[in-house]
Amino acid sequence: MRKIFLIFLIMFLCAAAAALWFFARSGGMPASGLNASGDKQSAVEAIDDGMLRICFIPKNLGNPYFEALSSGFYDAIAELGEENFSYVYSGPETAEADSQIPYVEEAVQNGADAIFIAANSNDALNDAFDAARKAGVRVYIINQDIPGSEAHRDAAIMPVNFDAVGAAQMKLLAEQMGYEGRFAILSATADAPDQNTWIELIKAELENNPAYEKMELLEIVYGDDQPEKSAAEMEALLSKYPDLEGVIAPTAVGLPSACKVIQARGLAGKIRIIGLGLPSEMAEFVRDGTCGGFQLWNPPYEGYLGVYMVWAEKKQGFSPAPGARFPAGKLGEYTILPNGQILTLTDPMQYDKSNIEKYAVLF
Ligand code: RAM
């Protein structure tokens with residue numbers, strides 16, 4: 001009897017140890033904490049298990065766009081060996097300018113080697129970034145940059161060259177609207193660095209390109225990357241401007257939310273809508289003609305190359321400075337540009353009836 005009890009006890013202890021190990025590896029448990037004096041060096045020593053600790057902080061949780069981006073981190077980690085990484089995807093519920101600060105602080109306390117963050121503001125996080133870098137943590141902006149605050153980050157992974165996005169969005173809308181008519185922009189949050197960069201570029205195109213002289217921008221509204229608010233803003237635009245003919249929604253949440261409104265009100269063809277969105281979320285609206293075309297890039301690639309960059313630093317003596325190069329697996333070699341940016345791809349990709357099915361299964 002005692003023998004059986006002992007066997008069960010040993011089996012139970014083994015299972016508990018395995019479960020704890022798995023839980024810690026999957027990022028379910030803080031990798032470490034600061035010691036009493038708040039000295040990170042000691043904290044790192046305490047967890048010096050050879051693992052690279054990476055944290056990705058999205059603008060907010062619940063946005064499928066950032067889940068697609070996060071899947072790229074997993075792809076690279078699988079290629080380089082899961083046993084070498086601890087990866088945590090963690091962020092705020094909503095995308096206010098300062099809502100990510102506690103997540104940056106938490107990542108530092110947990111002994112992160114590198115933080116990747118799609119910042120919700122150009123400058124609200126500067127102090128948190130400075131503190132993280134002082135503690136020896138790399139700060140990489142991902143999916144955009146933080147214009148005016150570049151000195152507070154180590155590098156920025158751009159999905160594409162942003163200069164190309166404004167012109168591409170404006171051209172696509174103009175083609176859909178026959179180069180005339182009134183339109184509105186449905187954005188995400190008012191502080192979002194990427195959204196504001198694109199909006200400025202769209203406005204510049206509208207002003208300076210004579211091809212758009214018969215087009216007019218009526219208003220910019222903000223759906224905060226929340227489906228309900230985005231739909232409500234779209235409804236409000238429809239009631240406020242009976243002559244509205246076009247919408248640019250450069251947000252992966254705003255675009256399908258606005259399409260749903262146009263679809264439900266039977267306005268396909270009357271209101272032309274384009275923007276930036278995930279093919280998987282947009283397929284139904286392309287199929288039924290609610291949306292004639294939209295653009296994006298490859299969000300998983302951004303996370304993928306981020307992991308390879310951290311790996312190159314650990315294994316190949318890479319350090320993030322203009323001109324530095326690193327290999328990124330299947331994507332080839334990348335160079336940090338003089339402005340500290342890395343361009344994952346150059347131009348945005350366009351999706352419509354001709355290719356939507358191919359991409360809808362990918363992201
Ligand atoms: C939104 C976010 C993100 C943007 C994509 C296209 O969900 O605002 O920053 O890059 O859409």
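Among the residues of region 51-69, write down those that are within 16 Å of the ligand (Cβ to nearest atom) and surrounded by fewer than 21 Cβ atoms within 10 Å (Cβ to Cβ). Answer for region 51-69, where residues must be within 16 Å of the ligand (Cβ to nearest atom) and surrounded by fewer than 21 Cβ atoms within 10 Å (Cβ to Cβ): L61, G62, P64, E67.
When region 201-217 is filtered for residues that are away from the ligand (no atom under 15 Å from the Cβ) and either of a type in the set (S, T, Y) or assigned to a helix (DSSP H, G or I) (or both), the ones remaining, listed by number, are K203, A204, E205, L206, E207, N208, P210, A211, Y212.
Given (1) buried (at least 24 other Cβ atoms within 10 Å of the Cβ); (2) in the same structural domain as M234 (by TED's automatic domain parsing), where does L172 come up short, assuming only one miss? Of everything listed in (1) buried (at least 24 other Cβ atoms within 10 Å of the Cβ); (2) in the same structural domain as M234 (by TED's automatic domain parsing), L172 misses just condition (1). Out of curiosity, is A78 small (G, A, S) and crowded, with 18+ Cβ neighbours inside 10 Å? It is false that A78 is small (G, A, S) and crowded, with 18+ Cβ neighbours inside 10 Å. Can you tell me how many residues within region 152-190 are of a type in the set (S, T, Y) and in contact (Cβ under 8 Å) with a residue 40 or more places away in the chain? Going through region 152-190 one residue at a time, the tally reaches 2. Might you check whether a residue that is closer than 29 Å to E313 by Cβ and more than 16 Å from the ligand (Cβ to nearest atom) occurs anywhere in region 172-181? No, region 172-181 contains no residue that is closer than 29 Å to E313 by Cβ and more than 16 Å from the ligand (Cβ to nearest atom).
Each row is one residue, and each column tells you yes or no for (1) crowded, with 19+ Cβ neighbours inside 10 Å; (2) within 15 Å of the ligand (Cβ to nearest atom); (3) outside the structural domain of L52 (by TED's automatic domain parsing).
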site	(1), (2), (3)
T290	yes, no, yes
L305	yes, no, no
V310	yes, no, no
K314	no, no, no
G323	no, no, no
T335	no, no, no
P338	no, no, no
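Of the residues examined, G72 is not one that is within 16 Å of the ligand (Cβ to nearest atom) and not assigned by TED's automatic domain parsing to the domain that holds K315.
Quick check: is even one residue across region 283-291 out of contact with any helix residue (DSSP H, G or I) (no Cβ under 9 Å at 6 or more places or on another chain) and farther than 20 Å from L362 by Cα? Taking every residue of region 283-291 in turn, at least one turns out to be out of contact with any helix residue (DSSP H, G or I) (no Cβ under 9 Å at 6 or more places or on another chain) and farther than 20 Å from L362 by Cα.
Please specify each residue of region 263-282 satisfying the condition of being within 16 Å of the ligand (Cβ to nearest atom) and surrounded by fewer than 21 Cβ atoms within 10 Å (Cβ to Cβ). Within region 263-282, S280, E281 meet the criteria. The condition of being within 16 Å of the ligand (Cβ to nearest atom), surrounded by 15 or more Cβ atoms within 10 Å (Cβ to Cβ) and in a helix (DSSP H, G or I) does not hold for D224.
The values are calculated or read from the model by the stated rules, or taken from the named source; none is laboratory data. Predicted model, so just to flag it, every value in this text is computed and none were measured. With ideal geometry, Cβ positions are generated from the backbone for all residues, glycine too; neighbour counts draw on all protein chains shown.
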